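The values are calculated or read from the model by the stated rules, or taken from the named source; none is laboratory data. Since we're looking at a predicted model, the values are computed, not measured. Cβ placement follows ideal geometry from the backbone for every residue including glycine, while neighbour counts extend to all protein chains displayed. Heavy atoms of the whole protein, side chains included, go into the accessibility calculation; ligands, DNA and RNA do not. Shrake-Rupley method; radii C 1.70, N 1.55, O 1.52, S 1.80 Å.
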Amino acid sequence: MAAPRVAVVGAGVIGLSTALCITETCPSCSVTILSEQFSPNTTSDVAAGMLIPHTYPGTPIHVQKQWFKETFTYLFAISNSPEASEAGIHLVSGWQVFKNTPKEELPFWSDVVLGFRPMSEAELQKFPQHRCGQAFTTLKCDCPPYLLWLEKRLKATGVQMYTRKVADLWELHREYHVVVNCAGIGAHQLVGDEKLFPVRGQVLKVHAPWVKNFIRDGDGLTYIYPGIHRVTLGGTREKENWSLTPDPGTTKDIFDRCCSFEPSLQGAQDIKVKVGLRPSRQCVRLQREVWSQGGVKLPVVHNYGHGAGGFSVHRGTAKEAAHLVGECIAALQGSSLKAKL
Amino acid sequence: MRVAIIGAGVIGLSTALRIHEQYHSLVPSLEMKIYADRYTPHTTSDGAAGLWQPYLSDHGNLQETLWNKETFDYLLGHLGSPAAKEMGLFLISGYNLFTQPVPDPPWKNIVLGFRNLTPKELELFPGYSYGWFNTALMLECRKYLPWLTRRLTQRGVKFFHKKVGSFQEMFAQGMDVVINCTGVRAGELQPDPQLQPGRGQVIKVLAPWVKHFIITHNMESGIYNSPYVIPGSEFTVLGGIYQHGNWNEENSAQDHKTIWEKCCRLLPALQEAKIVEEWSGLRPARPCVRLERETIHHGHFQAEVIHNYGHGGFGITIHWGCAMAAARLFGTILQEKKLISPSQPRL
């Protein structure tokens, strides 16, 4: 087979990083990205991009840990290179605080992030309503910079990108040998996955450059994540809420909750409100299938459903998806050889 | 009771405020004036990045460690207040890096979350094999000094832009007590061979992705002669120059090169940072802070001077502890003059 043609549907962090991994593992492939939205209008652009994993109930922990470790190692190297500022990757330290002692003393990722330890009494004094906490240093992927950096690297390897709303993956079977589905929340409609549901998140992105540390409530609802130019204040986790319209009452509630953690945020300027729908699922759908219709076969690799943890595991799942694409291509080449016999 | 404070850096203004806050209601006749040849943003304090961090060792000077602690605790208490942003006060975490193991510093229990660096963290800093991580405070004088100035102005304290030539000049104007916060140029008012400039130079850049301070240490070249990176609320300060005895306040091209190359080696991402400003200043270096009373006779009268200078590269770190100590000395003077009774409650 001459250069196998691979279509990646979706241009958020999952689509772009998966496409990049495919170019790395399969240099002879011709990769094209098709997406209804590109940065700055993807779900990824709304996210703070903090590397603090979300636990998927349906995926074995050792797999999640491997994905996280792979992602962390990859980004750690970028953060330490001259490309760090362009890629939007930077280290940030801070605290995760709990009103109620968590069941697990050590989360599965505690030895992947840097310097993880319980907070001292003196540190906890800053959070009088919380009884314990964890201090650590992790990485943050600022968007749009990270997505734009991925796009730049993709273009440099010859990957084409087109704005196109794909209504059905079958549309692509004539032009492409393999289709990779990184449509995020779009997969609900695109492949009719009823197990995929939105968890709506509203955030504020504010100008408060004196905030250098992150603060996160262990309940996952209130967080302060300092990015390169803006601090992300969050948030909400509203299951099955599909609305992308910011809610003013929610804005005030988020602002008040964050100010109670960090009073200096009262002085924050230029508040921008954003909404994203976390593409949530019991487990990430990371598998390959062969679709069949009227004698035509279409290999499909799915890589979606990362919910609240997309950034934390993106590189790990992208590599696995690229591997699955490799398997699809090998299978196609095997069968085309057979056909020639 | 007429008080003159000479010097309007962090030491002068904070000492003035502490004295006024403590004694003005007890001594209604208290008239305070501030004299300085330089005001913010042209003082030595303004050029400093503003990181609260003492030197690695206090050389047995426990008094200074106590003043450092008093300052940290005072500032920490203000973090949650609405004034914090206006004061230029915020928490910051970061790294101290060494090429060999060193003893823990006297301030390890003053800062928050002090710990040694893990091997993985040290991978970030090739060439350094040991280090500390802790959370400390930033107090940016470009905001703090104007904040102090506003508080003093509200209290009716008067400011004069004037280079004072001698203590006698102040006494001739009827000053009862002079507080000497003249920093590196204190020797012009009274010779002090122990006071020397510790010249520093810094490059201010735009590098908003840097969220941690990074201070490297070279035990041979001495404090601040090794690269450091300190992110502020607007700019990131790159430095690493300490030249004892050098009075030159002009920027040096050689020092610029040293700072830039060393800091970029430490943090490769800095190569993309845009340079915004360059500045040189003279740390008022002394083996120990001069914080003491001196009675000066002029004619038939005696007048009091309280010296509060020689804070080297840790003026911001120690300023409030020293302001309180200077105010206590002032209180003693008031008692001697029977302006307050010894049992007067302190604010």
Report summary line: Projecting the Cα atoms of B:Gly7, B:Leu112, B:Thr71 onto the charge dipole of region B:1-129, where Lys and Arg contribute +1 and Asp and Glu -1 at Cβ, the residue farthest towards the positive end is B:Gly7
Query raised in the report: For chain B, which whole-number percentage of the solvent-accessible area (1.4 Å probe, protein heavy atoms only) is attributable to carbon and sulfur atoms?
Result: 54 percent
Query raised in the report: DSSP loop trypsin sites (Lys or Arg not before Pro) in region A:183-220 with at most 13 other Cβ atoms within 10 Å of their Cβ, which ones?
Result: A:Lys195
Query - Heavy atoms of B:Glu123: accessible area, 1.4 Å probe, square angstrom to 10 - result: 110 Å²
Requested in this report: Tabulate in residue order the Karplus-calculated ³J(HN,Hα) for region B:274-288, using 6.51 cos²θ - 1.76 cosθ + 1.60 with θ = phi - 60°, rounded to whole Hz; enter x for Gly and Pro.
Outcome: 8, 7, 10, 7, 10, 8, 10, x, 10, 5, x, 7, 7, x, 8
Query raised in the report: Which FRET efficiency value, to the nearest 0.05, do you get for A:Lys69 and B:Thr118 by plugging their Cβ-Cβ distance into 1/(1 + (r/R0)^6) with R0 = 22 Å?
Result: 0.90
Query raised in the report: Per residue, how many Å² of accessible area does the protein assembly as shown show with a 1.4 Å probe?
Result: 41 Å²
Query raised in the report: How large is the helix-only mean residue ellipticity at 222 nm for chain B, computed as the sum of -39500 (n - 2.57) over DSSP H runs with n ≥ 4, divided by its residue count, in deg cm²/dmol to the nearest 500?
Result: -8500 deg cm²/dmol
Query raised in the report: Can you give the relative contact order of region A:5-335 as a percent, counting alpha carbon pairs under 8 Å and 6+ residues apart?
Result: 26 percent
Query raised in the report: With every protein chain present, what accessible area does A:Thr101 have (1.4 Å probe, heavy atoms only), rounded to the nearest 10 Å²?
Result: 90 Å²
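Estimate the FRET efficiency between A:Ser243 and A:Lys155 by the formula 1/(1 + (r/R0)^6), using the beta-carbon distance for r and 35 Å for R0, to the nearest 0.05.
That pair, A:Ser243 with A:Lys155, gives E of 0.55.
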Requested in this report: Towards the positive end of the charge dipole of chain A, with charges on Cβ (+1 Lys, Arg; -1 Asp, Glu), say which of A:Ile89, A:Thr163, A:Thr245 has the farthest Cα.
Outcome: A:Thr163
Query - Distance in nm between pseudo-label sites at B:Gln63 and B:Val276 (7 Å out along the Cβ direction from Cα) - result: 3.9 nm
Query raised in the report: Among A:Thr71, B:Thr44, what's the order by accessible area (1.4 angstrom probe), most exposed first?
Result: B:Thr44, A:Thr71
Requested in this report: Give a quick list of GluC sites (Glu not before Pro) in region B:128-225 that DSSP marks as loop, anything other than H, G, I, E or B, with at most 14 other Cβ atoms within 10 Å.
Outcome: B:Glu220
Query - chain A: most fluctuating residue of A:Ala77, A:Ala11, A:Ala19 per GNM, C-alpha cutoff 10 Å - result: A:Ala77
Query - Probe 1.4 Å - accessible area at B:Arg328, Å² to nearest ten - result: 90 Å²
**Report entry** Size of electric dipole in the protein assembly as shown: Cβ of Lys, Arg +1 and of Asp, Glu -1, about Cα centre, debye, nearest 20
**Finding:** 780 debye
Requested in this report: Whole Å is fine, so just give me how far the alpha carbon centre of region A:50-95 lies from that of region B:123-169.
Outcome: 37 Å
Query raised in the report: For B:Leu56, B:Leu270, what's the largest-to-smallest order of accessible area, 1.4 Å probe?
Result: B:Leu56, B:Leu270
Report summary line: Karplus ³J(HN,Hα) for region B:191-206 (6.51 cos²θ - 1.76 cosθ + 1.60, θ = phi - 60°; Hz, whole; x = Gly/Pro) runs x, 9, x, 6, 8, 9, x, x, 5, x, 9, 9, 10, 9, 10, 9
Query raised in the report: Amide H neighbours of A:Gly235 under 5 Å, counting only residues 5+ apart in sequence or on other chains, H built in-plane at 1.01 Å?
Result: A:Thr222, A:Tyr223
Requested in this report: Give, as ranges by residue number, the residues of region A:197-230 whose backbone N falls under 15 Å from the point 7 Å along Cα→Cβ of A:Asp270.
Outcome: A:205-211, A:227-230
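Given region B:67-110, what whole percent of its Cα pairs are spread farther than 15 Å?
58 percent
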